[in-house]
Amino acid sequence: MSYYVTTPIYYVNDAPHIGHGYTTVIGDVLTRWHRQRGEDVWYLTGTDEHGLKVLRKAQQNGATPQEWTDRLVETEWKPLLELLDIANDDFIRTSEERHEKSAQAFWQDLYDRGEVYKGEFSGWYSVGSEEFVAEDDVVDGEGDDEGHKVSSLDGSRVEHVTEENYFFPLSKYADRLLELYETNPDFIQPESARNEVVSFVRRGLKDLSISRSTFDWGIQVPWDPSHVMYVWIEALLNYVTAAGYGVDDERFGELWPADVHLVGKDIARFHAVIWPAMLMAAGRPVPHRVFAHGWLLVGGQKMSKSKANGIRPDEIVEVFGSDAYRYYFSRALTFGSDGSISWEDMRARYHAELANGFGNLASRVAAMIGKYFDGTLPAAGEHTAAEEALVALVAEASVEADRAIDRIAPQDALAQVWRIVEALNGYLTEQAPWQVAKQADEAAQRERLATILVTAAEGLRVLAVLLHPVMPRATASLWESLGAEPALGALADQPIGTVAQWGRLPEGSVVTKVPSLFPRLEDDA
Ligand code: ME8
């Protein structure tokens with residue numbers, strides 16, 4: 001089974017911030033989880049390089065747009081993927097030739113099918129959001145430079161343009177779109193995004209101006225080189241370009257339609273209205289699902305590139321490490337809703353959940369196996385009610401975590417995994433192996449001690465497997481310490497589906513000290 005997942009392609013007008021990191025990390029967690037389900041995953045991310053926003057930023061910096069995007073992609077955007085341990089399969093840049101080819105093929109097809117017409121556009125355009133803005137949504141701007149107008153939707157400045165352009169007959173797709181949302185209730189999620197999109201389409205759609213002729217930083221319209229494609233109508237096509245549209249039909253047939261487009265809610269409409277309409281017009285299948293997540297808020301305000309509240313991902317990684325970064329953004333926010341983030345919260349979760357909750361558990365168990373069994377995993381004896389309860393909880397929590405991933409609710413998946421962390425900690429406190437070790441009857445004592453520590457080690461095995469998609473580094477260390485690889489193979493290949501089968505770590509496994517998975521933070525010392 002294949003699973004094709006995408007992030008938005010990000011504008012390279014500036015360096016990435018944690019909003020971009022957010023979508024990309026969640027996409028990576030899904031990718032790694034689905035891979036451990038044994039699926040054939042294709043994870044695509046990349047950069048959106050055309051349009052006025054990028055062009056003007058390049059000009060302000062005295063560079064050509066190609067020079068500018070080349071530089072930023074290499075020095076800022078690709079390094080972000082490394083910083084966050086992103087296991088993407090492809091990185092698409094819209095200034096690449098493969099994209100030009102596919103986008104032109106797609107446009108030519110629309111044109112040949114009579115799905116493009118020429119008309120005059122007169123109205124407002126926001127460069128900040130690269131979007132046409134309806135007259136009703138334009139208001140007077142505030143500030144010194146008198147007379148300027150802004151979009152009431154996001155406060156970005158608008159410009160009046162009158163141009164002869166090509167148009168896409170979006171209006172005629174309203175009914176088919178409503179039918180799509182009706183028959184595929186999961187097409188656009190969560191519910192809040194779905195409701196907004198449905199009511200937007202119900203109000204009626206206007207045809208869309210899809211080309212520009214006043215600048216040339218874009219892909220030429222194939223039948224009329226005096227026009228370049230409107231950046232959105234070109235950017236959305238990245239998802240089919242990367243799947244081989246118009247170039248490799250076999251591959252395209254295998255990958256398309258995408259299983260899920262992850263997007264921020266700002267661009268849900270483009271993905272859930274314009275994009276499926278374009279695909280319908282071209283006689284192609286629409287994606288299975290568009291999932292719109294909420295805003296990261298810092299100090300109650302939306303994080304953005306233009307505001308000073310844009311925290312750089314590397315600042316966070318420097319303090320907490322990439323695993324904790326990935327954990328925090330997967331756990332602390334509800335994917336699909338707005339959520340506030342703060343250094344205090346990151347710090348608190350790092351201590352409570354990672355260092356004290358998970359990390360400490362792992363090092364205690366390994367240390368006790370070292371102390372009582374010289375680091376060689378013994379054979380477990382009979383299970384008592386305590387072990388049975390734990391095994392049952394692990395089975396249930398791992399199934400629930402897997403379901404949460406289907407819902408794209410990483411926060412719920414992690415909450416389920418943390419039920420296991422807590423149950424294991426509780427189990428050790430109750431069974432108190434250090435007390436058992438003091439009992440007089442040596443044979444009985446050894447057997448009980450073995451049962452407890454093997455049970456705990458099995459619990460750690462389960463945690464390593466389930467947490468690997470979120471924290472690839474710490475779990476790899478743990479896997480190594482459990483001595484699991486010789487018998488079970490590489491951690492990344494461990495199937496989620498059978499994770500709860502008990503007793504997989506064989507007797508005789510060599511268990512070594514767990515290095516500090518979540519070290520003390522520097523300024524706590
Ligand atoms: O919109 N909170 O690119 P972009 C959460 N090029 N996520 C955020 C965020 C925040 N405060 N700020 C940004 C574009 N994001 C187009 C997309 S796709 C064919 C073209 C994330 O650089 C979120 O995923 O403005 C949002 O959708 C994306 O960055 C916007 O990135």
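We did not get these values from a lab; they are worked out from the coordinates using the rules stated. Being a predicted model, the structure only gives us computed values, none of them experimental. Heads up, the Cβs are rebuilt from the backbone with ideal geometry, glycines too, and the neighbour counts pull from every protein chain shown.
Tell me, what HN-Hα J-couplings in whole Hz come from the Karplus equation 6.51 cos²θ - 1.76 cosθ + 1.60 at θ = phi - 60° for each residue of segment 155-169, using x for Gly and Pro?
Ordered by residue, 3J(HN,Hα) equals x, 6, 6, 10, 10, 8, 10, 10, 8, 8, 9, 8, 10, 10, x Hz.
Skipping prolines and chain starts, which residues have an amide H placed within reach, meaning under 5 Å, of the one on Y230, given they are 5 or more residues away or on another chain?
Amide H to amide H, under 5 Å and 5 or more residues apart or across chains, Y230 pairs with S211, R212.
Can you list which of the trypsin sites (Lys or Arg not before Pro) found in segment 363-448 are DSSP loop residues with at most 14 other C-beta atoms within 10 Å?
In loop regions of segment 363-448 (DSSP not H, G, I, E or B), the sparsely surrounded trypsin sites (Lys or Arg not before Pro) are K438.
Mean separation of Cα pairs under 8 Å and 6+ residues apart, divided by the residue count of segment 54-154: what relative contact order is that in percent?
10 percent
As an exercise, take the mean of 1/r over every pair of distinct alpha carbons in segment 423-517, invert it, and state the Kirkwood radius in angstroms.
14.3 Å
Once the Cα gyration tensor of segment 466-525 is diagonalised, what are the square roots of 5 times its eigenvalues, in whole Å and ordered largest first, as equivalent ellipsoid semi-axes?
Listed largest to smallest, the semi-axes of segment 466-525 are 25, 15, 9 Å.
Name the GluC sites (Glu not before Pro) in segment 79-147 that are in a loop by DSSP and that have at most 10 other C-beta atoms within 10 Å, would you?
Within segment 79-147, the qualifying GluC sites (Glu not before Pro) (loop, at most 10 other Cβ atoms within 10 Å) are E142, E146.
Using just the helices of the chain, give the 222 nm mean residue ellipticity in deg cm²/dmol: DSSP H runs with n ≥ 4 each add -39,500 (n - 2.57), and the total is spread over all residues, rounded to 500.
Calculated mean residue ellipticity at 222 nm is -13000 deg cm²/dmol.
List every residue whose amide H lies under 5 Å from the amide H of T47, counting only residues 5 or more places away in sequence or on a different chain, with H placed 1.01 Å from N in the peptide plane.
Correct list: Y10, I92, R93, T94.
From largest to smallest, what semi-axes in whole angstrom does segment 117-205 give when each is the square root of 5 times an eigenvalue of its alpha carbon gyration tensor?
30, 19, 9
Over the Cα atoms, compute the radius of gyration (one decimal) and Dmax (the largest Cα-Cα distance, rounded to a whole number) for segment 78-141, in Å.
18.5, 47
Taking the alpha-carbon centroid of each part, what is the distance from segment 34-74 to segment 121-176 in angstrom?
Computed from Cα coordinates, the inter-centre distance equals 24 Å.
As I understand it, the dipole of the chain uses +1 on the Cβ of Lys and Arg and -1 on the Cβ of Asp and Glu, about the Cα centre. Which of P313, S213, A484 lies farthest toward its positive end?
So the residue furthest toward the plus end is A484.
Hey, what's the Cα Rg ratio for segment 343-498 versus the globular rule of thumb, 2.2 N^0.38 Å?
For segment 343-498, the normalised Cα radius of gyration comes out at 1.06.
Going by C-beta contacts inside 10 Å, put V158, V54, V133 in order with the fewest on the left.
Going from least to most buried by this count: V133, V158, V54.
Please grab the % of Cα pairs in segment 61-104 that end up more than 17 Å from each other.
Beyond 17 Å sits 45 percent of the P(r) for segment 61-104.
Quick one: Karplus J couplings for segment 262-269, per residue in order, coefficients 6.51, -1.76, 1.60, θ = phi - 60°, nearest Hz, x for Gly and Pro?
Result, ordered by residue: 8, 9, x, 5, 4, 10, 5, 4 Hz.
Once phi is turned into ³J(HN,Hα) by the Karplus curve 6.51 cos²θ - 1.76 cosθ + 1.60 with θ = phi - 60°, what whole-Hz value does each residue of segment 116-128 show in order, with x for glycine and proline?
Karplus-based 3J(HN,Hα) across segment 116-128 equals 9, 9, 9, x, 9, 9, 9, x, 9, 10, 9, 6, x Hz.
Compute the signed sum of charges (Lys and Arg +1, Asp and Glu -1) over the other residues within less than 14 Å, Cβ to Cβ, of P433.
+2
D175: net charge of surrounding residues, Cβ under 11 Å, Lys/Arg +1, Asp/Glu -1, itself excluded?
Net local charge, D175 excluded: +1.
Along its principal axes, what span do the Cα atoms of segment 94-243 show, with the longest given first and each in whole Å?
Result for segment 94-243: principal-axis Cα extents of 47, 40, 27 Å.
Just to be sure I understand the curve: with the Debye formula and one point per C-alpha of the chain, what is log10 I(q)/I(0) at q = 0.13 Å⁻¹?
Reported log10 I(q)/I(0), two decimals: -1.24.
Normalised by the residues of segment 371-510, what does the relative contact order come to in percent, with Cα pairs under 8 Å and at least six apart?
Relative contact order comes out at 33 percent.
Filter the cross-link list K53/K172; K265/K302; K371/K513 down to pairs whose alpha-carbon distance in this structure exceeds 22 Å.
Flagged as over cut-off: K53/K172.
Once the Cα gyration tensor of segment 1-100 is found, what semi-axes does its equivalent ellipsoid get, as square roots of 5 times the eigenvalues, in whole Å, sorted largest first?
28, 14, 10
About the Cα centre, and with charges only on the beta carbon of Lys, Arg (+1) and Asp, Glu (-1), how big is the dipole of the chain? Nearest 20 debye, please.
So the magnitude is around 880 debye.
As a footprinting exposure proxy, order T498, T45 by other Cβ within 10 Å, with the fewest listed first.
The most exposed by this proxy come first: T498, T45.
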